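Trainee: First the structure, then my questions, so here it is.
Just so it is clear, none of the values below were taken in a lab; they were calculated from the coordinates. If you're wondering where the values come from, they're calculated on a predicted model, not measured in any experiment. Ideal geometry is used to build each Cβ from the backbone, glycine not excepted, and the neighbour counts take in all protein chains shown.
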Amino acid sequence: MIRWHPADRANVAAPAAAASLLEQAIASRPDNAALRLKLADLQFDRYDFAAAASALEAALALDPDLAGVRPRLARCYNALRRHQEALDALAAGESPEYERALAFEGLGREAEAEREYRAVLAADPHHRPACRKLGKLLRRAGRTAELLDVCETLNALGAGHAQLLYTWGTALALNGRDEQARAILLESARVAELSLPVPEGFADIAAFNAALAEEILTNPYRLSDFPVEDEANRGSSRVHALFAGRRPELVRLLLNSLQELTAAFAPPRHASFDPWADARPGAAHLKAWGLIQRGDDYEEWHSHPGGWLSGVYYIQVPKSVSADGAGRGCIEFGPPPALARIMPDFIATLRRAPREGTLLLAPSHYSHRTIPTGAEEYRISFAFDVVPDG
């Protein structure tokens, strides 16, 4: 069983309230660099990298030695494709920095980027973004044996996160270790459909879903503008501030049910090679968000590198969705796109049609996408990751 800690953002103030308090505090204490750092973190949550950079620049001017400012500022500059400025922001530091590697890569200095990614992983074998980017560099260069060695070394050092499994499965396939690759990348038995029990206080699941759909649609903090290189949303909207709506108790009811169902999810393990089962956390929390789609909105191929197990609960589904033909509104699992391009028949895709009241679970590293519904009616779902603590 998993020991649950409070859900991500369960005790966080509504974004508007937090921003207002920070602005008031900055007005009363304009020389306080730490307050500007907190404001930048709030702007990060909304993917407003230009505003975050401005707040961090002000913090840096007030206190050049404030911990955490320079890496965050470099992150903003990289997101804004101002890579040389990212390097300049980190110039005084000697420790390995992921954002420095990202800036090198953005400037086309791939050898320096590779050295820095490797240094970051040597200092922290659990660093997911560095694993992802180093893996891409090695794969694109055709250095597949080195890619496999990196994955196996990180695993031997205790790493077992979803990004490593995603990269490792690809490396195994590219090195001819087909059985192990398939065992990691996609097994239909590990994509499970469950029914949500009726939460207390509701006559049936339809009544609960109707209330939850309204809660997500009326939440004032919907996000719809995302960096395409980092996020899978293509036209769809997300609600991260789930507890900032009118009825946060609905979200808590759902989270309680999801914790019970996911903790009990235990598909049979492989006898000798099962790194995903080995990584099952003893303690975790849920990171959840609402997802709103209609018409041509969809999610591009992606995985969830921060989780161990991921799920989606279907709250409202257009009647036109189907698993046949184009599979309108369906979710589809398959091999990582880079592997599919190189070895198109290596792993068959797996498609599931959403149904209201159904919970779909799968390992977080499984590559998946959604197919547009083509309908004007909203497709509303509640997605989440089981995030290992520590």
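Trainee: Taking the Cα centre of region 3-185 as origin, sum charge times position over the Cβ atoms of Lys and Arg (+1) and Asp and Glu (-1), and report the length of that vector in debye to the nearest 20.
Mentor: 500 debye
Trainee: With charges only on Cβ, +1 for K and R and -1 for D and E, what is the dipole size of region 188-388 about its Cα centre, in debye, rounded to 20?
Mentor: Here the size comes out at about 140 debye.
Trainee: How large is ³J(HN,Hα), in whole Hz, for each residue of region 77-92 in order, when computed from phi with the Karplus curve 6.51 cos²θ - 1.76 cosθ + 1.60 and θ = phi - 60°, using x for Gly and Pro?
Mentor: Values per residue, Gly and Pro as x: 4, 5, 4, 8, 6, 9, 5, 5, 5, 4, 4, 4, 5, 9, 4, 7 Hz.
Trainee: Can you tell me the FRET efficiency between HIS126 and ASN32 if r is taken as the Cβ-Cβ distance and R0 is 30 Å, rounded to the nearest 0.05?
Mentor: 0.35
Trainee: Same structure, new question: Starting from the Cα of LYS136, draw a straight line to each of the lysines and keep only those under 30 Å, dropping any in the same chain fewer than 8 residues away.
Mentor: LYS287
Trainee: What does the extension gain come out to for ASP345 and ASN11, with contour length at 0.36 nm per residue minus their alpha carbon separation?
Mentor: Residue separation times 0.36 nm, minus the Cα-Cα distance, leaves 115.6 nm.
Trainee: Figure the gain on full extension for GLU260 and ALA92 (residue separation times 0.36 nm, minus the Cα-Cα span) and round it to one decimal in nm.
Mentor: Residue separation times 0.36 nm, minus the Cα-Cα distance, leaves 55.7 nm.
Trainee: Say each of GLU249 and ASN175 gets a label point 7 Å from the Cα, pointing the same way as Cα to Cβ; how far apart are those two points in nm?
Mentor: Inter-label distance under the simple model: 5.5 nm.
Trainee: Calculate I(q)/I(0) for region 3-185 by the Debye formula, one identical point scatterer on each C-alpha and no solvent, and give its log10 at q = 0.09 Å⁻¹ to two decimals.
Mentor: Listed by q, the Debye log ratios stand at -0.43.
Trainee: Here's a follow-up. Which value at 222 nm does the chain reach when only helices count, each DSSP H run of 4 or more adding -39,500 (n - 2.57), with the total divided by all residues and rounded to the nearest 500 deg cm²/dmol?
Mentor: -13000 deg cm²/dmol
Trainee: Kindly state, to the nearest 0.05, the FRET efficiency for ALA67 paired with ALA19, given R0 = 25 Å and r defined as their beta-carbon distance.
Mentor: In this case the efficiency is close to 0.65.
Trainee: Also: Could you calculate the FRET efficiency of SER322 with ASP230 from 1/(1 + (r/R0)^6), where r is the beta carbon distance between them and R0 is 22 Å, rounded to 0.05?
Mentor: 0.10
Trainee: How many nm is it between the label spots at ARG115 and GLU146, if each spot is 7 Å from the Cα in line with the beta carbon?
Mentor: For ARG115 paired with GLU146, the spin-label model returns 1.3 nm.
Trainee: Still on this structure, please answer the following. Got a sec to turn the phi values of region 107-121 into Karplus ³J(HN,Hα) couplings, 6.51 cos²θ - 1.76 cosθ + 1.60 with θ = phi - 60°, whole Hz, x for Gly and Pro?
Mentor: Calculated HN-Hα couplings, in order: 8, x, 9, 5, 4, 5, 4, 4, 4, 6, 4, 5, 5, 4, 6 Hz.
Trainee: If you don't mind, another one. Using 0.36 nm per residue of separation minus the Cα-Cα distance, give me the extension gain between ASP45 and SER188 in nm, one decimal.
Mentor: Gain in length upon complete extension: 48.1 nm.
Trainee: Next question. Ratio of alpha-carbon Rg to the 2.2 N^0.38 Å globular estimate for the chain, to two decimals, please.
Mentor: Relative to the rule-of-thumb radius for its length, the chain sits at 1.02.
Trainee: Can you grab the distance from the C-alpha centre of region 179-209 to the C-alpha centre of region 1-71, Å, no decimals?
Mentor: 36 Å
Trainee: Select from ILE216, ILE331, ILE205 the residue whose mean-square fluctuation is largest in a Gaussian network model of the chain (Cα-Cα springs shorter than 10 Å).
Mentor: Answer for the Gaussian network model of the chain: ILE205.
Trainee: Suppose we look only past 25 Å in the calculated P(r) of region 188-388. What percent of the Cα-Cα pairs does that tail hold?
Mentor: That fraction is 36 percent.
Trainee: From the backbone phi of region 4-16, what are the Karplus-calculated ³J(HN,Hα) couplings (6.51 cos²θ - 1.76 cosθ + 1.60, θ = phi - 60°) in whole Hz, Gly and Pro given as x?
Mentor: 8, 10, x, 4, 4, 6, 4, 10, 9, 5, 4, x, 5
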